[in-house]
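S.K.: Can you read through this structure? Questions will come right after.
The values are calculated or read from the model by the stated rules, or taken from the named source; none is laboratory data. These figures come from a predicted structure and were not determined experimentally. Please note: Cβ atoms are built from the backbone with ideal geometry, for glycine as well, and neighbour counts cover all protein chains shown. Please note that ligands, DNA and RNA were not included when accessible areas were found on the heavy atoms of the full protein model with its side chains. Shrake-Rupley method; radii C 1.70, N 1.55, O 1.52, S 1.80 Å.
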Amino acid sequence: MKTLYVTDLDGTLLASNETTSAFTNQTINDLVRRGMLFSYATARSYVTSAKVTRGLDAHIPLIVYNGAFVIDHGTGEILLSNFFDPGIRTLLDDLLAHDVFPIVYAFVDGVEKFSYLDDRCTWGMREFVNSRKGDRRDNPISDAGELYLGDIFYISCIDEEEKLAPFYEKYRDSCHAVYHKDIYSGAQWLELMPLAASKSNAIRQLRAHLGCERLVVFGDGKNDIDMFQLADESYAVANACPELKAIATGVIASNDEDGVAKWLLEHADVTQGD
């Protein structure tokens, strides 16, 4: 029975310094070489996830932007994509009318960009932007009209809870909405994606593509709940939120203790027999 192992990155596979440790890299690389089928599913983009997992060798497609895209790790080719339909412009109208100024991810003339009004950044947005210095997708703008350009696939709002909570309630049924605090800055985030874009949907397609009958997942946050519900076994790291621990098969060592790698070293199936 073939098993697919999928882990979240931030707070799960990544240590608190936003990198994978030498032990984690060595362990997973060795297990992959021996036959383990391994991938990760993250809210990060392919660009930033590749940076923070430098040294990690994953040879199968990776799930990024919370399932909006599945990317070939070797070539960077988009294998699966989910974009908003044109109706997303109405949602942007609503945000801007209430002084919520989002970061909008889109392909504009075939080029991936994240656009934001540079003079309307909250402190949380500024923290995010500063952490992406030199990123080729970075697109500060001065005209709100540019937020509407291109094929939009992801919207991040970083603001005060009292401003974002009503939008989460309003759009949680029409979008895939994730409402959470950033584990690094503590800022409140509201992330909006097409309804079909989720970690669980992307994992379901990847599992079918690889012909895996069994799924084991690892996570730490509320945006991992959907993939925990899909999995045959699910493991929350010790630093995970209570909601995730409550539905997990078990709780393992924390992200700063190489919890995922240690579990895989002891339990992963590397034979992948028929």
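S.K.: Among the candidates Ile183, Ile152, which residue alone is closer than 21 Å to Gly11 by Cβ and not aromatic (Phe, Trp, Tyr)?
M.R.: Ile183
S.K.: Leu147 - would you say it is hydrophobic (A, V, I, L, M, F, W, C), assigned to a helix (DSSP H, G or I) and closer than 16 Å to Phe107 by Cβ?
M.R.: So Leu147 passes the test.
S.K.: Where residues in region 74-95 are surrounded by 13 or more Cβ atoms within 10 Å (Cβ to Cβ) and without any contact (Cβ under 8 Å) to a residue 24 or more places away in the chain, which of them is nearest to Lys133 (Cα to Cα)?
M.R.: So the residue we want is Ile78.
S.K.: Is it the case that some residue within region 260-267 is modelled with pLDDT of 95 or more, open to solvent by 30 Å² or more (accessible area, probe 1.4 Å) and acidic (Asp, Glu)?
M.R.: Yes, region 260-267 contains a residue that is modelled with pLDDT of 95 or more, open to solvent by 30 Å² or more (accessible area, probe 1.4 Å) and acidic (Asp, Glu).
S.K.: Oh, and also: Select from region 1-35 the residues that are in contact with a strand residue (DSSP E or B) (Cβ under 7 Å, 6 or more places away or on another chain) and among the hydroxyl-bearing types (Ser, Thr, Tyr) and list them in ascending order.
M.R.: Thr3, Tyr5, Thr7, Thr12, listed by residue number.
S.K.: Out of region 130-146, which residues are open to solvent by less than 70 Å² (accessible area, probe 1.4 Å) and closer than 21 Å to Ser81 by Cα?
M.R.: Answer for region 130-146, where residues must be open to solvent by less than 70 Å² (accessible area, probe 1.4 Å) and closer than 21 Å to Ser81 by Cα: Arg137, Asp138.
S.K.: Take the residues of region 96-127 that are open to solvent by less than 20 Å² (accessible area, probe 1.4 Å), of a type in the set (A, V, I, L, M, F, W, C) and out of contact with any helix residue (DSSP H, G or I) (no Cβ under 7 Å at 6 or more places or on another chain): which is nearest to Leu149 (Cα to Cα)?
M.R.: Ala106
S.K.: Among the residues of region 86-108, which ones are out of contact with any Cys (no Cβ under 9 Å at 6 or more places or on another chain), in a loop (DSSP other than H, G, I, E, B) and at pLDDT 95 or above?
M.R.: If the condition is that a residue be out of contact with any Cys (no Cβ under 9 Å at 6 or more places or on another chain), in a loop (DSSP other than H, G, I, E, B) and at pLDDT 95 or above, then His98, Asp99 are the ones that fit.
S.K.: Restricting the search to region 147-156, which residues are in contact with a strand residue (DSSP E or B) (Cβ under 7 Å, 6 or more places away or on another chain), open to solvent by less than 70 Å² (accessible area, probe 1.4 Å) and of a type outside the set (S, T, N, Q)?
M.R.: Leu147, Gly150, Ile152, Phe153, Tyr154, Ile155
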